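Engineer: One structure, as structure tokens, below. Some questions next.
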Amino acid sequence: MASEWTTVDTFVRDLGVLRSAAARVRASAAARSAIETAIREAAQAIDLTIDAPMNRERLASAREALQVASEVIVAIDQEIARSFRLRTKASSPCERARQLIAQAGS
């Protein structure tokens, strides 16, 4: 039987992977800011799951925030994109990822 903390633990580990990947990205200040914003949003979403590790809405929000951060990193650094895999895969960036990527380009 899986612990109620299994999903939260997985999210924390995924966040660590994202932070590691982000540290290797060579990017402009604007792009780095977009990456850091996405990672901060993911960390905040995960933090909210700590008080309610079985709350589906909070878990979904954390999962989505991790996906946004992944998409931003991948879009900004294609070399990391080739080697970086997150458990969930998306065919195209979600709206929040598009906003952060656009911000990085300006």
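The numbers here are math on the coordinates, done by the rules we state, and not lab data. Fair warning: this is a prediction, and the values are worked out from it, not measured in the lab.
Engineer: For a test of the definition: using alpha carbon positions, the gyration tensor, and the 1.5 limit on a/c, classify the stretch 1-51 as rounded, prolate or oblate.
Structural biologist: Oblate, because a/c is 1.5 or more while a/b does not exceed b/c.
Engineer: Right, something else. Give a residue-ordered list of calculated ³J(HN,Hα) values for the stretch 36-44 (Karplus: 6.51 cos²θ - 1.76 cosθ + 1.60, θ = phi - 60°; whole Hz; x for Gly, Pro).
Structural biologist: 5, 4, 4, 5, 4, 5, 5, 4, 5
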